[in-house]
Amino acid sequence: MFVQMKRFIVTAGNSYKVIERFVRKQDERPSCMERQQGFLSRELYVKKLDISREEVIVLIYWASEEQWGKYNVDDKSELEQAAFEQVDYIIECIYTNYRVR
């Protein structure tokens, strides 16, 4: 298994904006990521850091690093992601990956 972790530090009261980006609404069809072979699941966590900042963790589980890599190569939303990361409520954004042994 392979896990992709996205960690966002946002200004207080804005964690819901990050969460909305990653949660599918009931009437929406599965996203490109959800339809990708090897996609297993996604989890979201929110933590208040202090009165001015919140942390949002997005964990995305893949069956293998190879399948994640295929999605990453095929992903056409790089420009969309870059625009998302430039919004004023995001203070910091870090991506890391883990192989589960």
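The values are calculated or read from the model by the stated rules, or taken from the named source; none is laboratory data. Note that this is a predicted model, so its numbers are computed, not measured. Every residue, glycine as well, gets a Cβ built from its backbone with ideal geometry; the counts of neighbours run over all protein chains shown. When the accessible area is computed, the model is the full protein with side chains, heavy atoms only, and any ligands, DNA or RNA have been set aside. Shrake-Rupley method; radii C 1.70, N 1.55, O 1.52, S 1.80 Å.
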Between [x] 28; [y] 20; [z] 34, the structure-derived percent of Cα pairs over 23 Å apart is [x]
For the chain, dividing by residue count, accessible area per residue (probe 1.4 Å) in Å² works out to 66
So SER52 and GLU20, fully extended at 0.36 nm per residue minus their Cα-Cα distance, gain in nm 9.5 nm
For the chain, the count of lysine pairs 8 or more apart or interchain whose alpha-carbon atoms are under 16 Å apart comes to 5
Checking rank on 61-68, 26-33, with mean other Cβ inside 10 Å and highest first, the result is 61-68, 26-33
Carbon/sulfur accessible area of the chain, % of total, 1.4 Å probe, equals 51
